1. If you check PHE66 against the conditions, is it in contact with a Pro (Cβ under 9 Å, 6 or more places away or on another chain) and over 18 Å from ALA131 (Cβ atoms)?
2. Take ALA88 and tell me if it is out of contact with any Lys or Arg (no Cβ under 8 Å at 6 or more places or on another chain), modelled with pLDDT under 75, under 22 Å from PRO46 (Cβ atoms) and among the hydrophobic types (A, V, I, L, M, F, W, C).
3. Return the only residue of VAL97, VAL76 being open to solvent by less than 20 Å² (accessible area, probe 1.4 Å), of a type in the set (A, V, I, L, M), assigned to a helix (DSSP H, G or I) and closer than 19 Å to ALA11 by Cβ.
4. Kindly check whether there is at least one residue in the range 6-16 that is charged (D, E, K, R), outside any helix (DSSP H, G or I) and out of contact with any Ser or Thr (no Cβ under 9 Å at 6 or more places or on another chain).
5. So, in the range 54-73, exactly how many residues are within 14 Å of TRP37 (Cβ to Cβ) and either in contact with a strand residue (DSSP E or B) (Cβ under 6 Å, 6 or more places away or on another chain) or open to solvent by 20 Å² or more (accessible area, probe 1.4 Å) (or both)?
Amino acid sequence: MGALAIALLVAAFTDIRRRQIDNWLNAAIALGAPLFWWATGLSMWPGVVFQLLLAFAAFAVLAGLFAIRAMGGGDVKLLTALALWMPAMLFVRMLTVMALAGGVLTIVLGMWHITRRQPGRLKIPYGVAIALAGLLTIWSADAAHWYDGRAQAAPGGAVHITYSGQGTVATMAHPTQPGPGGAQ
């Protein structure tokens, strides 16, 4: 997970600097997924097959966005590689955070672009939003147990979504209330 976090930071940095996410980085993230599957004990069926189908579906949808110029090619490849790492519900949660962060990023950079009176089309480094969403997902979820159904909800009501052989499972922790005598 540490290597994935570093790769996401590199993706954000290169997208800010050059408005490009390198193919070698996306390939490294994708090739790291089978090591993560092995380390977490993900079964070949249905686990690995489901992850491959999720990545294929993500690529198909995102390639459509690329075709209409709504998303860059590096962003499509990065998100497809991330789909190999996360159970479907976590991936959807990451996409939601990415969309919100991307919207804020677009507004801020759009205002900056207008105030500086720069001509031409504004290029948004969406890799920053993808990296932020990926890092928040890694940080907020118990990544070591994404696939085995043992994830524990964090204090304060955090939702953890895991994938097991029986399907996707969502658990919600409720803030503990002091019981009689102050026990929780």
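The values are calculated or read from the model by the stated rules, or taken from the named source; none is laboratory data. All values derive from a computational prediction rather than experimental measurement. Neighbour counts run over all protein chains shown; Cβ positions are idealised from the backbone, glycine included. Areas reflect the complete protein model, heavy atoms only, side chains present, ligands, DNA and RNA absent. Shrake-Rupley method; radii C 1.70, N 1.55, O 1.52, S 1.80 Å.
1. Working: in contact with a Pro (Cβ under 9 Å, 6 or more places away or on another chain): no; over 18 Å from ALA131 (Cβ atoms): yes.
It is false that PHE66 is in contact with a Pro (Cβ under 9 Å, 6 or more places away or on another chain) and over 18 Å from ALA131 (Cβ atoms).
2. Numbers: out of contact with any Lys or Arg (no Cβ under 8 Å at 6 or more places or on another chain): yes; modelled with pLDDT under 75: no; under 22 Å from PRO46 (Cβ atoms): yes; among the hydrophobic types (A, V, I, L, M, F, W, C): yes.
For ALA88, the condition - out of contact with any Lys or Arg (no Cβ under 8 Å at 6 or more places or on another chain), modelled with pLDDT under 75, under 22 Å from PRO46 (Cβ atoms) and among the hydrophobic types (A, V, I, L, M, F, W, C) - is not met.
3. Values: VAL97 fails: open to solvent by less than 20 Å² (accessible area, probe 1.4 Å).
The match here is VAL76.
4. Here is the first cut: in the range 6-16, the residues charged (D, E, K, R) are 15.
Keeping just the survivors that are outside any helix (DSSP H, G or I) gives none.
No - not one qualifying residue is present in the range 6-16.
5. Applying the first criterion (within 14 Å of TRP37 (Cβ to Cβ)) to the range 54-73 yields 54-55.
Okay, now just the ones that are also either in contact with a strand residue (DSSP E or B) (Cβ under 6 Å, 6 or more places away or on another chain) or open to solvent by 20 Å² or more (accessible area, probe 1.4 Å) (or both), so 54.
Total satisfying the criteria: 1.
Let's see how each residue does on (1) over 15 Å from ILE130 (Cβ atoms); (2) among the aromatic types (Phe, Trp, Tyr):
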| position | (1), (2) |
| --- | --- |
| ALA7 | no, no |
| ILE21 | no, no |
| TRP24 | yes, yes |
| GLY32 | yes, no |
| TRP37 | yes, yes |
| SER43 | yes, no |
| VAL49 | yes, no |
